[in-house]
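The values are calculated or read from the model by the stated rules, or taken from the named source; none is laboratory data. Small disclaimer: the values here were computed from a predicted structure and weren't measured. Methodologically, a virtual Cβ is constructed for each residue, glycine included, from the backbone with ideal geometry; neighbour enumeration extends over all protein chains shown. Heavy atoms of the whole protein, side chains included, go into the accessibility calculation; ligands, DNA and RNA do not. Shrake-Rupley method; radii C 1.70, N 1.55, O 1.52, S 1.80 Å.
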Amino acid sequence: MIKKNILLLCATSAVLAGCVAAPRFEYGSYEPALYAYYKKPEMADKFEAALQKAIEKGEETDRLAPGMYAELGYLKLSQGDQAGAVDLFRKEAQAFPESEVFMSGVVTRLTRQESEGVIEEEETESNDVKVSENAIDGMRSAEGADV
Amino acid sequence: MSFLYKIGSLKCVASLVALSTVLAGCVAAGPQPKDYSDFRAENPKSILVLPVLNNSGAVEAPEFFLSTVSQPFAQRGYYVFPANMVKSLLEDEGMSDPALLYSADTRRLAPIFGCDTALYLTIERWESQYVVIATSTNVTFKYELRSCKSGESLWAHTQQLSYSPQASSSGNPLADLIAQAIIAAIEKGAPNYMPLARQANALAAGTAGQGIPAGPYLPDVYQMDLQQFPAGEASE
């Protein structure tokens, strides 16, 4: 029975492999680690380790998954490491030009906040990223109009 | 005793049936293929996964769903935006209510994210039935890709799935039955729906004629799969 099941499993995975081919991107344990992080925010370091490993393996095999640098960067930002975050956001944009608008928007906001912070120190707010507030305000008012 | 053996072989039949469903989706489409004219015309390269709209009573469902949806869509050859970062940013901006987000114009996402498409995810049903030997969970997920350029729908899919976790077989039917009952009891207490969500999302993204065509990150098949993902009625 066990043998049969194993055979069946092998057959299934062989068929699936033949059909979908090897996964294009290396996600590592992104999925369970993200879920664990949602359930328990104190699992942030587990999520971080999962991201780091997925990046490492992805870089090695040339199968780096989209969003991994950015997710890690955002995690670093939430831990107060702004320089590390900006670095990773830039890496994401470099690896995946599709993310350029989003990443450069976030980086611009962050670096502007930083330079403003130097001039008027009192005004600096922790590490909040404000992505194009106008655009989001636009979405809100559009909802009001639509409904 | 032969009754118990029957259950065992039934299980095998069930997995064979499941296997052939997968094969059917892979080799030849079962249901009528969708019309991919709009999708093909727009030729999107990136997907912005939006926070999940939950119409079911299961509070934990969106987290299972969101953490497993990026990968299968990316593996189809697309840039998928960092789902958790996007979700957190939207929450920081006071857009934590998916219902509001889902009623807004998709085009307004473009200046912020530079997305080609946004993926709208709705959980319509997520119900678990506890029936001693196996807990079965029935789900219905809705997926819709809307263009960030035109706001129009490029692809929509409804995925239904019935899922019950299986204990690995020990060769002793009675022991298997007990193991199955224990698993069912565990499922009732602290269920792990990771495999369920994975399976549903993989089927939704990858089934020929139903999912999404291969994207630019799959250069070997990109735009070569017109037969599996046809653009409208075959032109005469």
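Using the Cβ-Cβ distance between B:GLN227 and B:ASN43 with R0 set to 30 Å, the FRET efficiency from 1/(1 + (r/R0)^6) comes to roughly 0.95. Placing a pseudo-label 7 Å from each Cα along the Cα-to-Cβ vector at B:VAL131 and B:ASN192 gives an inter-label distance of 2.4 nm. With a 10 Å cut-off around each Cβ of B:58-68, the average count of Cβ atoms from other chains is 3. The alpha carbon gyration tensor of region A:54-106 gives principal lengths a ≥ b ≥ c with a/c of 1.5 or higher and a/b no greater than b/c, which makes the shape oblate. Counting Lys +1, Arg +1, Asp -1, Glu -1, what net charge surrounds A:GLU60 among other residues with beta carbon under 12 Å of its beta carbon? Every neighbour counted, the sum reads -1. For the pair region A:67-117 and region B:91-150, the centres of their Cα atoms are 25 angstrom apart.
Within 10 Å of the Cβ of each residue in A:90-103, the mean number of Cβ atoms contributed by other protein chains is 4. The modelled label-to-label distance between B:GLU60 and B:LEU161, using points 7 Å beyond Cα along the C-beta direction, is 1.6 nm.
These residues, A:ASP62, B:ASP225, B:ASP105, B:ASP35, go from largest to smallest accessible area, 1.4 Å probe, as A:ASP62, B:ASP35, B:ASP105, B:ASP225.
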